[in-house]
Amino acid sequence: MKNTANNILRIYIKGTAFLIVSMLVHISIQAQEASTTPPISKVSIILDALSCEETLTHAEVIAEDFTTTDPNTGLAISQKQKLTYTWLMADSVVYTSNYSEASLPVPLDTCELRLVVKNQFNAEAEDIILLPSWGVEAKYKINTRDRDIPHEVSTPTALSAPVDVEFENLSRGNYTVSEWLMGSLTRLFDENPVYQFQSPGEYRISLIVTNENSGCSHADSSEVIIVTDADIQFPDAFTPNGDGVNDEFRPAYKSIKDYKLTIYNRWGRRVFSSTNPKVGWDGKNGNTDAAEGVYIYICEATAYERGVAFTRKGTVTLIR
């Protein structure tokens with residue numbers, strides 16, 4: 001029994017010793033590989049082409065082969081470095097691959113193009129060149145001036161004429177020309193124009209920006225201005241009692257240009273008139289409260305759209 005135990009102990013010690021020796025050999029090989037691996041000697045960026053669509057470039061790298069020892073035969077083996085190419089524009093990574101060629105974005109602003117080349121042993125080298133502002137990116141937003149007119153029927157997606165729209169140019173790049181197309185109405189060349197839409201219709205807005213140095217252009221046609229058809233409607237009653245609800249008689253309208261409203265009492269005497277649809281009748285006859293009852297109104301209006309006119313006649317009940 002004692003001899004068996006001793007034999008087992010000897011086997012365990014030999015196995016442990018073999019494992020330790022194997023680990024030391026492996027570490028020695030790794031150390032030898034690391035020590036014989038040359039660094040990446042040189043990296044150069046070659047700019048092949050700069051167009052409105054892409055930046056074509058490649059790298060020239062000097063990275064010598066390195067020698068390792070085959071652990072089975074003990075023979076020296078020559079190997080190539082495994083290289084990874086990381087391209088950065090304005091310090092942001094835009095492309096990483098194992099190939100020296102790259103198709104990169106077009107620079108909108110003057111920026112540094114940096115290439116970092118790294119091998120499997122984490123040795124690295126880099127090069128930097130300066131890229132000019134070359135491409136452009138058109139972008140804009142619109143702001144509709146809010147008139148805040150009670151009873152005018154206008155929403156952000158269906159505007160009442162006349163409507164003034166502010167255009168804010170948010171384009172990027174070294175653009176020198178901004179061309180705005182207001183649908184088929186007109187062309188503007190201001191940086192941030194203001195335009196008044198008067199006629200009903202749908203108008204797709206296009207902004208085209210151009211880099212005069214490179215000739216690159218880009219367009220944004222993302223927004224549509226909708227101006228609604230003209231209309232005018234009157235209520236059949238109102239309550240001028242000062243509670244803030246339905247206190248005035250006036251129309252709900254959209255895209256109205258010229259307007260004339262006259263109101264008569266039942267004896268045909270005029271009690272109110274207005275040429276502004278924003279102004280309603282407050283139920284007074286001069287400085288005196290008009291009596292409850294039925295009144296007659298006549299309204300004549302024209303639209304911003306040429307040839308469109310309205311005549312509205314009817315009665316309204318004044319309730320106190």
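Below, the figures for the structure above:
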| quantity | calculated |
| --- | --- |
| Partners for Lys82 among aspartates and glutamates (Cα-Cα distance below 16 Å; same-chain residues under 8 apart left out) | Glu33, Glu60, Glu64, Asp65, Glu101, Glu124, Glu126 |
| Choice from Ile129, Ile256, Ile208 showing the highest fluctuation, given a GNM over the chain with Cα pairs closer than 10 Å | Ile129 |
| Candidates Leu104, Leu185, Leu131, ranked by Gaussian network fluctuation over the chain, Cα under 10 Å, top entry | Leu185 |
| Ellipticity estimate at 222 nm from DSSP helix runs (n ≥ 4, -39,500 (n - 2.57)) divided over the chain, nearest 500 | -4000 deg cm²/dmol |
| Unmatched cysteines, the chain - criterion: no other Cβ of a Cys under 4.7 angstrom | Cys111, Cys299 |
| C-alpha long axis of helix 2-36 to longest principal axis of the chain, angle in ° | 60 degrees |
| The chain: most fluctuating residue of Asn246, Asn122, Asn72 per GNM, C-alpha cutoff 10 Å | Asn72 |
| Inverse of mean 1/r across different Cα pairs in the chain, Kirkwood, Å | 28.0 Å |
| Arg204 accessible area, 1.4 Å probe, all protein chains in place, Å² to nearest 10 | 120 Å² |
| Difference of contour (0.36 nm per residue) and Cα-Cα distance, Asn246 to His151 | 33.1 nm |
| Ala158 versus Ser44: modelled label distance in nm, points set 7 Å from Cα along the beta carbon direction | 6.8 nm |
| Residues of the chain: accessible area per residue with a 1.4 Å probe, Å² | 60 Å² |
| Within the chain, longest stretch free of exposed chymotrypsin sites (Phe, Trp or Tyr not before Pro) [DSSP loop, at most 16 other beta carbons within 10 Å] | 1-98 |
| Cβ charges +1 (Lys, Arg) and -1 (Asp, Glu), total dipole of the chain, debye | 1100 debye |
| For the stretch 91-241, size of Cβ-based charge dipole, Lys and Arg +1, Asp and Glu -1, in debye | 200 debye |
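The values are calculated or read from the model by the stated rules, or taken from the named source; none is laboratory data. Keep in mind that what you see is a predicted model, and the values were worked out from it rather than measured. All Cβ positions, even for glycine, are placed from backbone atoms using ideal geometry, and neighbour counts span all protein chains on display. What goes into the accessible areas is simple: the full protein's heavy atoms, side chains included, and nothing from ligands, DNA or RNA. Shrake-Rupley method; radii C 1.70, N 1.55, O 1.52, S 1.80 Å.
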